[in-house]
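Here, each number is a calculation from the coordinates, and none is a lab measurement. Just so it is clear, the model here is predicted, and its values are computed rather than measured. Heads up, the Cβs are rebuilt from the backbone with ideal geometry, glycines too, and the neighbour counts pull from every protein chain shown.
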Amino acid sequence: MIKKNFKLMLVVGVMFASVSMMSPVAHADLAPGEGAYLGGFVGYSSGLLQPEITTKSLQINGTLKAKDGGLGLGGIEGGGWLGYGYSLGDVYLGFEIEGAGAGAEIDLTSDTAINISASASSITTMKASRNWQAGGAFRLGYYINKDSLFALKGGISVSEFAVDTGSNTEDVYAGGPQVGASLTSRLSGIDPNLSLRLDFTYTDYLEAEVGGIGGGKINNRHTTLKVSGSDTAARLGLTYSF
């Protein structure tokens, strides 16, 4: 549903921008991020997933947790922004939604087949790739000058990962708080309402219990598996205010 709603808002935004730009009625030049804006970006995201296994039985009783490091993920992503902002002198207030496709991926292989349980298929490879990411955030910024805006943002983000074990594929959802910072500069030489934006975003995926991977039941009354992690993305894109 999030993916469908995001696509719909992007379509509406593109239509609105097209009508505004083609209209013969002159409009005032807007500061970076001011008014309604639409943008697209490309970037690179990287992060870590950290597993935690807790076992309670007669033979083993304890917790194995990755405190430093974890499983790395990374990849190229592309997406867009859609938002609205207010210029209050040197202060900026706004809200935006964002979405990105493709990007981060983890790919693991083993020379020896691994059996999760007696009922599970043997696993020699496991891949987790992010299908999409979408979120919303409030923005608070300061105009360095009339052509440049520095802004901080805070909100939430949700991602869908496709987990493939060779014999089984399932979608896993992860979400959590998101913070970031951006620098937007107006390209006055091309169009006063067109801006170049450099954006850095950090997302915390919080913690989620995992079970059923590869057809086996990991979670039972003795053992639980939890996964937490985070993701950092650097993006470069263009925005247009109208």
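Between the beta carbons of LYS146 and TYR202, assuming R0 = 45 Å, the FRET efficiency works out to 0.95 to the nearest 0.05. Residue-wise HN-Hα couplings along region 186-200, as the Karplus relation 6.51 cos²θ - 1.76 cosθ + 1.60 with θ = phi - 60° gives them from phi, are 6, 9, 4, x, 9, 7, x, 9, 9, 9, 9, 10, 10, 10, 10 Hz; Gly and Pro carry x.
Label zone of LEU93 (point 7 Å out along Cα→Cβ, amide N under 18 Å): in region 127-168 this covers 137-143, 150-155. Between THR169 and PHE138, the C-beta separation translates, for a Förster distance of 35 Å, into a calculated FRET efficiency of about 0.45.
How long is the gain from SER46 to ASP191 if the chain were fully straight, where each residue apart is worth 0.36 nm and the alpha carbon distance is subtracted? Before the final figure, lay out the partial values.
Details: separation 145, 0.36 × 145 = 52.20 nm, distance 3.32 nm.
My answer for the length gained is 48.9 nm.
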